[in-house]
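*Asks:* Have a look at this one.
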Amino acid sequence: MLYKFKSRATADLIMLEPQGRQIVTIMGKTPGANGIVTVAQIPGAIAALEAAVAAEEAQPPESETGEEVTEQEPVEAVRLRQRVTPLIEMLRRSAAEQVDVVWGV
């Protein structure tokens with residue numbers, strides 16, 4: 001299943017369900033078939049997403065064996081920053097245009 005985020009201020013943003021559920025939870029919403037981030041809630045949602053990114057980046061990456069990854073080792077996992085940056089931009093544009101962001105599965 002896919003999560004689709006929509007705003008009249010931007011293009012749609014689509015992501016896989018596990019990531020969509022994670023991001024909705026980080027924003028303080030209950031994951032479900034649909035939902036809304038109102039204009040008044042957008043600043044809090046952005047702050048929560050940025051705090052989650054900072055927390056993830058503060059932890060050293062680990063390899064699959066549980067050892068720290070050296071600079072030469074490639075990290076295959078997609079970081080949270082890569083997943084939330086487009087949504088943060090959507091939220092900022094929506095706030096500037098004074099429109100809500102909705103999602104649906």
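*Asks:* Which order do you get for Ile14, Ile26, Ile36, Ile88 if you rank them by accessible area with a 1.4 Å probe, largest at the top? Please report the intermediate quantities before stating the final value.
*Replies:* Values: Ile14 100, Ile26 45, Ile36 70, Ile88 15 Å².
Of Ile14, Ile26, Ile36, Ile88, the descending order of accessible area is Ile14, Ile36, Ile26, Ile88.
*Asks:* Mind running the shape call on the stretch 12-65? Use the C-alpha gyration tensor, a ≥ b ≥ c as the square roots of the eigenvalues: rounded below 1.5 for a/c, prolate if a/b tops b/c, oblate otherwise. If you can, show how the numbers build up before the last one.
*Replies:* Numbers: a/c = 2.83, a/b = 1.53, b/c = 1.85.
Oblate, because a/c is 1.5 or more while a/b does not exceed b/c.
*Asks:* Quick one: ranking Glu89, Glu97, Glu56 by accessible area, 1.4 Å probe, largest first, what do you get? Intermediate results must be reported in sequence, preceding the final value.
*Replies:* On the way: Glu89 75, Glu97 125, Glu56 55 Å².
Ranked list, largest accessible area first: Glu97, Glu89, Glu56.
The values are calculated or read from the model by the stated rules, or taken from the named source; none is laboratory data. For clarity, every value in this text was computed on a predicted model and none was experimentally measured. Just the protein is used for accessible areas: all its heavy atoms, side chains included, with ligands, DNA and RNA removed. Shrake-Rupley method; radii C 1.70, N 1.55, O 1.52, S 1.80 Å.
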